[in-house]
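Just below is one structure, and these are the notes that go with it.
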Amino acid sequence: MSDAETADATDTGADGSADATTARTVLEYVVKALVEDPDAVSVELDDRGRRPALNVHVGPGDMGRVIGKRGRVAQSIRTVVRAAAVRDGLELDVEFVD
């Protein structure tokens with residue numbers, strides 16, 4: 001098997017779920033750099049919908065920092081994480097959950 005085929009074969013876990021390791025790591029890093037309480041940041045993979053999503057939870061008072069004015073920070077985070085997801089061979093969404 002070539003390297004490309006091996007990478008394609010490892011896109012899903014043993015249970016059939018998506019493996020978004022690179023995207024998740026990038027998302028955690030960026031969000032933790034933005035918030036006042038980085039220990040309160042958690043990211044979970046939700047692969048129940050038509051497209052997998054990374055759900056981000058932050059501490060009280062930090063959601064505004066992550067969303068930004070008119071959602072510009074959130075959109076920038078989504079763009080960077082989607083680019084990182086390409087490395088995982090995935091298309092995914094990023095949701096900021098209250």
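The values are calculated or read from the model by the stated rules, or taken from the named source; none is laboratory data. Keep in mind it's a predicted model, so treat the numbers as computed, not measured. No Cβ is skipped: glycine too gets one built from the backbone with ideal geometry, and neighbour counts run over all protein chains shown.
Summary of values
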item	result
Residue match in region 8-16 (condition: at pLDDT below 95, in a strand (DSSP E or B) and within 16 Å of the chain's Cα centre (by Cα))	yes
In region 56-94, the residues that are touching a residue at least 40 places away in the same chain (Cβ under 8 Å) and exposed (fewer than 15 other Cβ atoms within 10 Å of the Cβ)	Arg87, Glu91
Output for region 31-44, where each listed residue is crowded, with 17+ Cβ neighbours inside 10 Å and under 18 Å from Asp88 (Cα atoms)	Val43
